[in-house]
1. Can you name every residue in segment 98-135 that is modelled with pLDDT under 95 and open to solvent by 80 Å² or more (accessible area, probe 1.4 Å)?
2. Within segment 8-19, which residues are touching a helix residue (DSSP H, G or I) at 6+ places or on another chain (Cβ under 8 Å) and either buried (at least 21 other Cβ atoms within 10 Å of the Cβ) or among the polar types (S, T, N, Q) (or both)?
3. Which ones in segment 20-38 are of a type in the set (A, V, I, L, M) and either crowded, with 21+ Cβ neighbours inside 10 Å or at pLDDT 95 or above (or both)?
4. For segment 6-13, check the following and say yes or no: at least one residue is in a strand (DSSP E or B), among the charged types (D, E, K, R) and out of contact with any Cys (no Cβ under 9 Å at 6 or more places or on another chain).
5. Would you check if there is a residue in segment 39-61 being touching a residue at least 40 places away in the same chain (Cβ under 8 Å), surrounded by fewer than 16 Cβ atoms within 10 Å (Cβ to Cβ) and in a strand (DSSP E or B)?
6. List the residue pairs whose Cβ atoms are under 8 Å apart, where the first residue sits in segment 92-116 and is under 22 Å from Phe31 (Cα atoms), the second is β-branched (Val, Ile, Thr), and the two are 6 or more positions apart or on different chains.
Amino acid sequence: TVDIAVMRQDNSEVLLGKKSTSHKWRFPGGFVDPGGSNFEQAGRRELTEECGAIETGNMQYVASAQIDDWRYRTETDKIMTTLFKTEFLFGNPQASDDLEEVGWFSVNELKTMVADGKITEEHEVLIQLLLTNLK
């Protein structure tokens, strides 16, 4: 899979989304199409599908991690994701496809959001990887 941290205002804010089935926040993202040419292209596609017509800068690799996705906990195969970050340039993010809501959050709030259970458990490791990358 790919997950994308859309950053604005000198990396001080990040765009997160909520699915209709959860009250917790997460990065936009999703499964990579086997026929796609690269992960960056998959990230752009997922952003457009889930956040609408927004313009962003280049996709910058942050890290990869195995995700403890509830759908695969009893399976032999697990989900490996690639986290990218990109600069928000312009547009009006609007939730669509898998996301019901999107919003901007201060990067300084992310640790508290994890501690308060406001970030989906599957993305807690991604939050930590992003914060480490921004130092």
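1. Result: Glu121, Lys135.
2. Asn11, Ser12, Val14, Leu15, Gly17
3. none
4. yes
5. So far as segment 39-61 goes, no, none of its residues is touching a residue at least 40 places away in the same chain (Cβ under 8 Å), surrounded by fewer than 16 Cβ atoms within 10 Å (Cβ to Cβ) and in a strand (DSSP E or B).
6. As it stands, the answer is Pro93/Val6; Pro93/Ile54; Pro93/Val102; Gln94/Val102; Ala95/Val102, since those pairs meet every condition given.
The values are calculated or read from the model by the stated rules, or taken from the named source; none is laboratory data. Being a predicted model, the structure only gives us computed values, none of them experimental. In this analysis, Cβ positions are derived from the backbone assuming ideal geometry, glycine residues included, and neighbour counts consider all displayed protein chains. With ligands, DNA and RNA removed, areas are computed over all heavy atoms of the protein, side chains included. Shrake-Rupley method; radii C 1.70, N 1.55, O 1.52, S 1.80 Å.
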